[in-house]
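Below: the structure, in structure tokens.
Values in this text are rule-based calculations from the coordinates and carry no lab data. None of the values given here were measured: they were computed from a predicted structure. Counting neighbours? That spans all protein chains shown, and the Cβs are built from the backbone with ideal geometry, glycine included.
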Amino acid sequence: MKKSSVRLRRGIYLLPNLFTTGALFSGFYAITSAINGHFAAAAIAMFVAMILDGMDGRVARLTNTQSEFGVEYDSLSDMVSFGVAPALVMYLWAFTSLGKLGLFAAFVHTAGGALRLARFNTQVASDDKRYFQGLPSPAAAAILAGFIWICLEYDYNVEALRYVALVLTIMTGLLMVSNFRYYSFKDIDFRGKVSFLVTIAVMLGIAFIMAQPQTMLFILALGYAISGPLLTLVLRRQKRLNRRN
């Protein structure tokens, strides 16, 4: 009886970890696609990884299958899909002719992703759930993947834009380890009722994204990255006003 209970405790929950494995595979597929020169497929694969990564935690909470194994596995998957994959894809697409400068930019993003995940894991119990500290790694990856996808879609010259890509890659790495606050959307109740106008707005938003996914996803990710410094300024101003009062 004891042996069977120990064996059960050592098992892992299948459903949420399937989504995590799918996200990990998407990141791996993005890397292999870039190595073979299929950069559009690599960019799309990173966005697929973001969708699956967003689903695994929610599925775990809905099915009451959260576990410490799942948290650690999710972090390792995120490191591959949103830390290593975007940096490597960007390097192979735009930075090979830049030599050590290109390596430096790609490594800044990779290291930023690793440090961001490590900090998140150590602060997960004490942090304010409404906000993330530093740009989340999926959003950072979305900026790079969206930029690559836009350039390929509209046939922009990569040589002319490689320094723009360089700045974006370094910027995402630094924003991930910054102290800027980003809204987490975790306090939104997706199971609650909303007005009909909100439903229409959501449908229109999805339609806009589906019509021009590469442009809209990049704009949304870039806008979210910019929102962090603005939100931090607002929160600091509120704290100062509260202290005076």
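Cβ-to-Cβ counts within 10 Å put 240, 162 in ascending order as 240, 162, the fewest first.
Only Lys, Arg, Asp and Glu count, each charged at its Cβ (+1, +1, -1, -1), so figure out the dipole size of the range 31-149 about its Cα centre, rounded to 20 debye. It would help to have the intermediate numbers written out before the result.
Values: 7 positive and 8 negative charges, 54 e Å.
It works out to roughly 260 debye.
Look at the alpha carbon pairs under 8 Å that are at least 6 residues apart: their mean separation over the length of the chain gives a relative contact order of 20 percent.
Any idea how far the Cα center of the range 92-165 sits from the one of the range 7-74, in Å? A separation of 19 Å, based on Cα centres.
Which of the aspartates and glutamates could be linked to residue 129 by a straight reach, that is with a Cα gap under 17 Å, when you skip same-chain ones fewer than 8 residues away? List returned: 187, 189. Volume per residue of the convex hull around the Cα atoms, evaluated for the chain, comes out as 173 Å³. Annotation: for a label point projected 7 angstrom from Cα along Cα→Cβ of residue 199, no residues of the range 55-87 have a backbone N closer than 13 Å. Relative to its residue count, the range 19-129 spans a Cα convex hull of 97 Å³ per residue. Under a Gaussian network description of the chain, with springs only between Cα atoms under 10 Å, the residue in 74, 155, 56 that fluctuates furthest is 155. If only the Cβ of Lys and Arg carry +1 and only the Cβ of Asp and Glu carry -1, the dipole of the chain around its Cα centre is close to 1280 debye. Within a straight-line Cα-Cα reach of under 16 Å, residue 186 can be paired with the following aspartates and glutamates, leaving aside sequence neighbours fewer than 8 residues apart in one chain: 53, 56, 127, 128.
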